[in-house]
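To start, the structure under review is shown below, and the notes come after it.
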Amino acid sequence: MQVIESVAAFRQAYAEAEKPLGLVPTMGFLHEGHMTLVRRARAENATAAVSIFVNPTQFGPSEDFATYPRDMDSDLAKLREAGVDLVLAPPVEEVYPPGFDTYIDVGRIGERLEGEHRAGHFRGVATVVCKLLTIVRPNRAYFGQKDAQQCLVVKRLNDDLNLGSEIVICPTVRDTDGLALSSRNVYLSAVEREAALSLYGSLNLAQDLHSRGETDASSIRQRMRRLITESPLASIDYISIADADNLTELDIIDRPALISLAVRIGKTRLIDNVII
Ligand code: AMP
């Protein structure tokens, strides 16, 4: 496994790599959610590449960029074990050298939900994904459904700018109790982790209500809200039931819908979603 820190060295490795090449972009602190993407990239491509880069431009000024969990040694051990060929782990100055001043302005799909609550987030995501897809030029790039809106933003970006990768979306990986795996789960105390189960619980409730014939979105949102706010540790950023393609909020569930939510448990902000 080659660990590469510079764009120039990656270009060299790319020239020598067998194709097709699959890329899994990550911010590191790898868990089973990431590793599922990695194993799929390994299985489907002659060369499996993973990027590890905590991208400063997608964090707001009051967010957790400085404290975001990092463990490069453990990440590299996991990737070696999974048979990854290339790891791109650039320092921030390699991705954003002095004078860097070009950003991707994502359109409507990035305005709502996460975009509304985390100003500038998708501008940072789209900029770094565009750079990674341009540097690595993967035949396939793998993303997790856990970040549903990110998947839509990346697909839009890939199509609109002709980046030429196939975007592969992989299902959300959960702990045995249903909590979606996330690098940020490490912030949760035992009591907070218990409270965090209400995210998945409320998504299950929504699916259950819908499968029993409820199509009134506001009534489902209200039931989800009630369940989550049973815990005094939880504060809701948003609960959304939206058109799964364009994220327009729905009154009546009469088409494929993305049910998504962002909830703060103590100081930790968690997101989760299901498609119905
Ligand atoms: P991150 O390191 O959080 O930027 O995540 C890197 C990639 O892994 C993204 O495409 C995420 O959507 C994906 N991912 C993170 N957590 C999970 C999960 N629990 N299940 C599936 N994919 C995930």
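Every read-out reported here was derived from the displayed coordinates using simple, explicitly stated rules and does not represent laboratory data. Small disclaimer: the values here were computed from a predicted structure and weren't measured. Neighbour counts run over all protein chains shown; Cβ positions are idealised from the backbone, glycine included.
At a glance:
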item	result
Unit charges on C-beta of K, R, D, E only; dipole of the chain, Debye	160 debye
Ranked list, fewest to most other Cβ atoms within 10 Å of each Cβ, for Phe10, Phe143, Phe65	Phe65, Phe143, Phe10
Inter-label distance, nm, simple model (7 Å from Cα along the C-beta direction), Glu16/Asp71	3.1 nm
Contact order relative to length of the chain, as percent, for alpha carbon pairs under 8 angstrom and 6 or more apart	17 percent
Rough spin-label spacing in nm, given labels placed 7 Å along Cα→Cβ, for Asp64 and Ser235	1.6 nm
Estimated vicinal HN-Hα couplings, Hz - region 161-172 in sequence order (Karplus 6.51, -1.76, 1.60; Gly, Pro = x)	9, 6, 6, x, 8, 8, 8, 10, 9, 10, x, 5
Computed E for Arg212/Asn246 - FRET, C-beta separation, R0 35 angstrom, nearest 0.05	0.85
Mean Cβ count within 10 Å, highest first, over the residues of peptides 200-206, 89-95	200-206, 89-95
Where N is the number of residues in the chain, Cα Rg divided by 2.2 N^0.38 Å	1.02
Computed Kirkwood radius, in angstrom, where 1/r is averaged over Cα pairs of region 82-219	17.8 Å
Taking the convex hull of Cα positions in region 104-163, its mean projected area over all directions (nm²)	3.8 nm²
Over region 183-275: Kirkwood hydrodynamic radius from C-alpha pairwise inverse distances, Å	13.4 Å
Simple spin-label estimate for Ala46 and Met1 in nanometres, 7 Å along Cα-Cβ	2.2 nm
Rel. contact order, % - alpha carbon contacts under 8 angstrom, at least six apart, region 183-275	29 percent
Counted charge near Tyr103, where neighbours are those whose Cβ lies closer than 11 Å (Asp, Glu -1; Lys, Arg +1)	0
Per-peptide average of other Cβ atoms within 10 Å, ordering 172-178, 75-81, 52-58 highest first	52-58, 75-81, 172-178
Directionally averaged projected area (convex hull, Cα atoms, region 1-64), nm²	5.3 nm²
